[in-house]
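The block underneath contains the structure these notes are about, expressed in structure tokens.
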Ligand SMILES: Cc1cc2nc3c(=O)[nH]c(=O)nc-3n(C[C@H](O)[C@H](O)[C@H](O)COP(=O)(O)OP(=O)(O)OC[C@H]3O[C@@H](n4cnc5c(N)ncnc54)[C@H](O)[C@@H]3O)c2cc1C
């Protein structure tokens, strides 16, 4: 499997053998870039970030842009994810943000994440994107007693400082009304998160840019980026696109030596998902799964899960460290063992799908959406980009056209350098071992 820290580029890569792609045909691909072409804004990467940046540039700012996608739309994380539309905050809690900066900054960041969820909701509704939206509710499940206390405090912090509703559900009520989960100590519930089919959402965005007349070239991997007298020459296998400005939206699929603005400033991490066979209503009752709301736990090495519309259970967590190990079945097997511990009645339930994909993390654990002198990027959603990519795309489009955007750390600082970048994978390996021990032995 393509590994952004090993392989020179993501060209000619197969699609994931996922549950989503088993069900939905991707349709016609746009032709690859041929003949030298030029545009005002070139966008590298055709996932949610790239497509929506193009959409906002074209529709709100009337700017000519051209999206280059290395493979087919449907190759990257935007077609591999679990479909949780939620307010992500990277690894920092809002009280940690208030300590790192101040309460107004934490509130500003919270507002951006809230707007991101509302933005996706609105894009779906106002454009009639049929993406199997499920009931609302994001459950952040406490996996032990200290985490339960932490979630209770987090709910109180959000309510009192941000005036938003965040409910802590006590363990007994959680087991009776939501999930009879054998490793849960109650949950923090946010009422605006929801599940969708990520590929249907992506294809909906693709349709939006095509309707807006944006140029799209699939199977057009940028293999070289040359800057000459204020013009960016993006070289693909077949030809080149010349642009006055560039947005880099390759996210976790960006190869390691691509542009000095982002090289050595992110860590691509594999996330792994399994999907079970459809579960009968009786077995779901027995297992104690009473909700289709999206759920994630508080472990360092988190698990996330949701009941899909056809009553299959999707269960995700960390994957391999190196791309060469990505398809080793042991990662899917580990997830099934974890699922069994949460819901022992599902031990005999078969796994029908198992796949993996790259997410990107920044050294300071938060996304960076940054633009300077006509070159922008958005990276480091840390596994929560289904919603935030929409807000990031909007902010990138605004920034590129000179509009004022909120003065927040998410937007004002470039990605920090990864210390000892050559060793970042070993750092990740060490962190997984630390997380495993901490998750197992903290009560
Ligand atoms: C298994 C998994 C589960 C996840 N679950 C969730 C979830 O439930 N909720 C959530 O919020 N987030 C989730 N995420 C994260 C989420 O999917 C990502 O944050 C989001 O899709 C990122 O979108 P993007 O457009 O920025 O990047 P991507 O969708 O990864 O798109 C990047 C694209 O850039 C292209 N590209 C890269 N380099 C080049 C180049 N040189 N030339 C041309 N094209 C290039 C790639 O081919 C790729 O298609 C998950 C991710 C994974 C892998």
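Those residues that are in a loop (DSSP other than H, G, I, E, B) and either touching a strand residue (DSSP E or B) at 6+ places or on another chain (Cβ under 6 Å) or farther than 22 Å from residue 20 by Cα (or both), I need them from the stretch 281-301; list them, please. Within the stretch 281-301, 288, 290, 292, 293, 298, 299, 300, 301 meet the criteria. Determine, yes or no, whether residue 344 is more than 16 Å from the ligand (Cβ to nearest atom) and surrounded by fewer than 22 Cβ atoms within 10 Å (Cβ to Cβ). Yes. Name the single residue, out of those in the stretch 18-28 being away from the ligand (no atom under 12 Å from the Cβ) and at pLDDT 95 or above, that is farthest from residue 199 (Cα to Cα). Step by step, filter the stretch 18-28, then rank; the result is 22. Return yes when residue 254 is touching a residue at least 40 places away in the same chain (Cβ under 8 Å) and surrounded by 23 or more Cβ atoms within 10 Å (Cβ to Cβ) and no when it is not. Spelling it out, residue 254 is indeed touching a residue at least 40 places away in the same chain (Cβ under 8 Å) and surrounded by 23 or more Cβ atoms within 10 Å (Cβ to Cβ). Tell me, yes or no, whether the stretch 369-383 has at least one residue that is assigned to a helix (DSSP H, G or I) and touching a strand residue (DSSP E or B) at 6+ places or on another chain (Cβ under 6 Å). Looking for residues that are assigned to a helix (DSSP H, G or I) and touching a strand residue (DSSP E or B) at 6+ places or on another chain (Cβ under 6 Å), one finds none in the stretch 369-383, hence no. Just to be sure before I move on: is residue 336 over 20 Å from the mean Cα position of the chain (by Cα) and within 16 Å of the ligand (Cβ to nearest atom) in the structure I sent? Yes, satisfied. Scanning the stretch 199-214 for residues that are crowded, with 24+ Cβ neighbours inside 10 Å and under 17 Å from the mean Cα position of the chain (by Cα) yields 199, 201, 202, 205. Of all the numbered requirements in (1) within 12 Å of the ligand (Cβ to nearest atom); (2) more than 16 Å from the chain's Cα centre (by Cα); (3) modelled with pLDDT under 95, residue 66 misses one, and that requirement is (3). Mind checking which residues of the stretch 153-179 are more than 22 Å from residue 289 (Cα to Cα), surrounded by 17 or more Cβ atoms within 10 Å (Cβ to Cβ) and out of contact with any helix residue (DSSP H, G or I) (no Cβ under 6 Å at 6 or more places or on another chain)? Within the stretch 153-179, 154, 155, 158 qualify.
Does residue 349 satisfy the condition of being within 12 Å of the ligand (Cβ to nearest atom), surrounded by 18 or more Cβ atoms within 10 Å (Cβ to Cβ), in contact (Cβ under 8 Å) with a residue 12 or more places away in the chain and part of a loop (DSSP other than H, G, I, E, B)?
no
Considering only the stretch 77-84, I want to know if a residue exists there that is within 15 Å of the ligand (Cβ to nearest atom) and more than 28 Å from residue 425 (Cα to Cα). Among the residues of the stretch 77-84, not one is within 15 Å of the ligand (Cβ to nearest atom) and more than 28 Å from residue 425 (Cα to Cα), which makes the answer no. For the stretch 159-185, the tally of residues that are more than 29 Å from residue 309 (Cβ to Cβ) and in a helix (DSSP H, G or I) stands at 4.
The values are calculated or read from the model by the stated rules, or taken from the named source; none is laboratory data. Computed from a predicted structure; not experimentally measured. We place every Cβ from the backbone using ideal geometry, glycine too, and count neighbours over all the protein chains shown.
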